[in-house]
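Heads up, the thing below is written out as structure tokens.
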Amino acid sequence: MKQYETMYIVRSDLDEAARAALIEEMHGIITAHGGTIDNVDEWGMRDFAYRIDFQNKGYYVVTTYTVDVDGLNEFERLMGINANIVRSLTINLDEKKGK
């Protein structure tokens, strides 16, 4: 298993309960594949530099987690098709550290 960090942006028009449920659902994908959530840092609502999907702002979440490749692929696939997630970016922290 490798350690990854994903920054994703949740649509700004979701209410707080729906946003919390979406974040929990996304993190549940990782734990369902035998991974662990190491850290969750919610940056909150931020303005975009330009409009994305008719939105001017979004709710930023940065998650550090450990999972195998199958879990990572499923996590990224489901984030890509979820209409409530505007953008996401994943980096491999093991490669960043030189492992």
Condition check for residue 71: surrounded by 13 or more Cβ atoms within 10 Å (Cβ to Cβ), of a type outside the set (A, V, I, L, M) and either modelled with pLDDT under 95 or not in a strand (DSSP E or B) (or both): yes
Those residues of region 9-40 which are assigned to a strand (DSSP E or B) and not polar (S, T, N, Q), in sequence order: 9, 10, 11, 37, 38, 40
Per-region count, region 47-89, residues closer than 17 Å to residue 28 by Cβ and hydroxyl-bearing (Ser, Thr, Tyr): 5
Failed item in (1) closer than 21 Å to residue 95 by Cβ; (2) loosely packed, with under 15 Cβ neighbours inside 10 Å; (3) in contact with a strand residue (DSSP E or B) (Cβ under 8 Å, 6 or more places away or on another chain), with residue 31 passing the rest: (1)
Single match in 45, 79 (criterion: part of a strand (DSSP E or B), over 16 Å from residue 2 (Cα atoms) and within 15 Å of the chain's Cα centre (by Cα)): 45
Residue that is farthest from residue 45 (Cα to Cα), among those in region 5-28 that are at pLDDT 95 or above and among the hydroxyl-bearing types (Ser, Thr, Tyr): 6
Qualifying residues in region 1-44 (those that are out of contact with any Ser or Thr (no Cβ under 6 Å at 6 or more places or on another chain) and acidic (Asp, Glu)) - the one farthest from residue 85 (Cα to Cα): 41
Qualifying residue in region 84-93 (condition: in contact (Cβ under 8 Å) with a residue 60 or more places away in the chain, small (Gly, Ala, Ser) and touching a helix residue (DSSP H, G or I) at 6+ places or on another chain (Cβ under 9 Å)): yes
Unique residue being surrounded by 17 or more Cβ atoms within 10 Å (Cβ to Cβ), part of a strand (DSSP E or B), polar (S, T, N, Q) and touching a strand residue (DSSP E or B) at 6+ places or on another chain (Cβ under 8 Å) when the list is 6, 64, 90: 6
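The values are calculated or read from the model by the stated rules, or taken from the named source; none is laboratory data. Predicted model only: the values in this text are computed from it and were never measured. No Cβ is skipped: glycine too gets one built from the backbone with ideal geometry, and neighbour counts run over all protein chains shown.
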